[in-house]
Amino acid sequence: MLIAITREISPRIAECELTHLAREPIDVARAHVQHHQYQELLTELGCKLIRLPAESELPDSVFVEDTAIVLDELAVITRPGAESRRAETASVADALKRYRKLAYIEPPGTLDGGDVLLVNKKLYVGLSKRSNPQGIEQLRRVLASFDYSVTAVELRDCLHLKSAVTQVADKTLLINRDWVDDRVFDFFKLIDVDSSEPFAANALRIGDNVIYPKAFPKTRKRLETQGIKIRGVNASELAKAEGGVTCCSLIISEAADPV
Ligand code: GLY
């Protein structure tokens, strides 16, 4: 059984952090509808939803992915790179402590969950404006005893590693090679985003399905041609806040023995 932790959208979403996008008006009512459809899809795909209430004062708090790295053995509560996002972690830690032992990234380390791509026992971590070498080193130390490898990955021109690359099947990644060096991922089959859809590499795999924005039809066709089962969602409004489909949930497997 999978658990999906989500959080309602802050009424201050219009004040969100933006790094690579120009600010444009977000239709908040539409954002709520799209976010609820996303949550319904998670339920339809077999996830038990834990919907955290909105954090009114924290504009980016709908993007719960950035607050924790959840593995089978433990959860690492991050220290987000953007100062305005640091307070988001407390309520997520509170929700997670029923399911996992917790470890924490400490200053001067910073780490955003959006920078962490987990494939089996390997974690690829983007060296971004949000995640620094100290944060990555702390993650490596915390996970060493659980036999995970942690590889730092250089990025360019995008917010997080998972803006540039995500997993869409067992040994297959969806990638924008303009934003990340593909040589790090030479063990995988790589599917390129269509060059007219640079933001199309962020996909959320749930079992055999991939939740994917309807905004990227050309890349979607490439995925479907490769036999990937796509479930489309409208995610246009939170995309204006520089959030993708992975950003809006923390997916965890329900441990046999909760803490
Ligand atoms: N607005 C998403 C982020 O910058 O963290």
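Please say if the chain is rounded, prolate or oblate, where rounded means a/c under 1.5 for a ≥ b ≥ c the square roots of the C-alpha gyration tensor eigenvalues, and otherwise the choice is prolate for a/b larger than b/c and oblate otherwise?
rounded
Let me spell out the model: positive unit charges on the Cβ of Lys and Arg, negative unit charges on the Cβ of Asp and Glu, origin at the Cα centre of the chain. What dipole size does that give, in debye rounded to 20?
It comes to approximately 420 debye.
Would you grab the residues whose amide H sits under 5 Å from the one on residue 100? Only those 5+ places off in sequence or on another chain, please, with H modelled 1.01 Å from N.
Here the answer is 259, since their amide H atoms fall under 5 Å of that of residue 100.
Roughly speaking, to the nearest percent, how much of region 92-209's 1.4 Å accessible area is carbon and sulfur?
49
Quick check for you: with a 1.4 Å probe and neighbouring chains kept, what is the accessible area per residue of the chain, in Å²?
For the chain, the per-residue accessible area is 45 Å².
Rounded to the nearest 500 deg cm²/dmol, what is the calculated helix-only ellipticity per residue at 222 nm for the chain, with -39500 (n - 2.57) per DSSP H run of length n ≥ 4?
-6000 deg cm²/dmol
At 37 °C and a viscosity of 0.692 mPa s, what translational diffusion coefficient does Stokes-Einstein give for region 9-155, taking Rh as the Kirkwood radius over Cα pairs? Give it in µm²/s as a whole number.
The estimated diffusion coefficient comes to 202 µm²/s.
Of the residues 198, 53, 25, which exhibits the maximal mean-square fluctuation in a Gaussian network model of the chain defined by a 10 Å Cα contact cut-off?
25
Sort 6, 225, 43 by accessible area with a 1.4 Å probe, largest first.
225, 43, 6
So, with +1 on the Cβ of K and R and -1 on the Cβ of D and E, and no other charges, what is the size of the charge dipole of region 173-219 about its Cα centre, to the nearest 20 debye?
The dipole magnitude comes to about 160 debye.
If you put +1 on each Lys and Arg Cβ and -1 on each Asp and Glu Cβ, how big is the dipole of region 1-110 around its Cα centre, in Debye rounded to 20?
Dipole size: approximately 320 debye.
In region 179-254, what GluC sites (Glu not before Pro) fall in a loop by DSSP, with at most 12 other Cβ atoms inside 10 Å?
Those satisfying the criteria are 254.
Which is farthest toward the positive dipole end of the chain among 74, 148, 225, measuring Cα position about the Cα centre, with Cβ charges +1 (Lys, Arg) and -1 (Asp, Glu)?
225
Quote the convex hull volume per residue of region 130-210, based on C-alpha atoms, as a whole number of Å³.
It comes to 110 Å³ per residue, whole-number rounded.
Farthest toward the dipole's positive end in region 6-114, which of 28, 18, 62, given Cβ charges of +1 (Lys, Arg) and -1 (Asp, Glu) about the Cα centre?
Selected residue: 62.
Ranked from the most accessible area to the least, with a 1.4 Å probe and all protein chains present, what is the order of 146, 185?
In descending accessible area the options line up as 146, 185.
Let me confirm the definition first: pairs of Lys residues in the chain, 8 or more apart or on different chains, C-alpha distance under 15 Å. How many are there?
Eligible lysine pairs with Cα atoms under 15 Å apart amount to 10.
In whole Hz, with x marking every Gly and Pro, tabulate ³J(HN,Hα) for region 151-161 from phi via Karplus 6.51 cos²θ - 1.76 cosθ + 1.60, θ = phi - 60°.
For region 151-161, the Karplus-derived couplings read 10, 6, 10, 6, 10, 9, 6, 9, 6, 10, 4 Hz, x marking Gly and Pro.
Based on Cα positions only, what radius of gyration and what Dmax would you give for region 120-259, in angstroms?
Cα-based Rg and Dmax for region 120-259 come out at 15.4, 46 Å.
Reported to two decimal places, what Rg/Rh ratio describes region 201-259 when computed on Cα atoms with Rh from the Kirkwood expression?
Over the Cα atoms of region 201-259, Rg/Rh equals 1.07.
May I ask for the equivalent-ellipsoid semi-axes of region 77-170, computed as the square root of five times each C-alpha gyration tensor eigenvalue and listed largest first in whole Å?
19, 17, 13
How far apart, in nanometres, would the label points at residue 14 and residue 186 be if each is projected 7 angstrom from Cα along the Cα-to-Cβ direction?
Label-label distance for residue 14 and residue 186, simple model: 5.0 nm.
Can you find, among 117, 139, 102, the residue sitting farthest towards the positive end of the charge dipole of region 66-172, where Lys and Arg contribute +1 and Asp and Glu -1 at Cβ?
The residue sitting farthest along the positive end of the dipole is 102.
Region 79-125: which trypsin sites (Lys or Arg not before Pro) are DSSP loop and have at most 16 other beta-carbon atoms within 10 angstrom?
97, 98, 101, 121
The values are calculated or read from the model by the stated rules, or taken from the named source; none is laboratory data. Fair warning: this is a prediction, and the values are worked out from it, not measured in the lab. Counting neighbours? That spans all protein chains shown, and the Cβs are built from the backbone with ideal geometry, glycine included. Ligands, DNA and RNA are stripped out before the accessible areas are found, and what is left, the full protein with its side chains, is counted by its heavy atoms. Shrake-Rupley method; radii C 1.70, N 1.55, O 1.52, S 1.80 Å.
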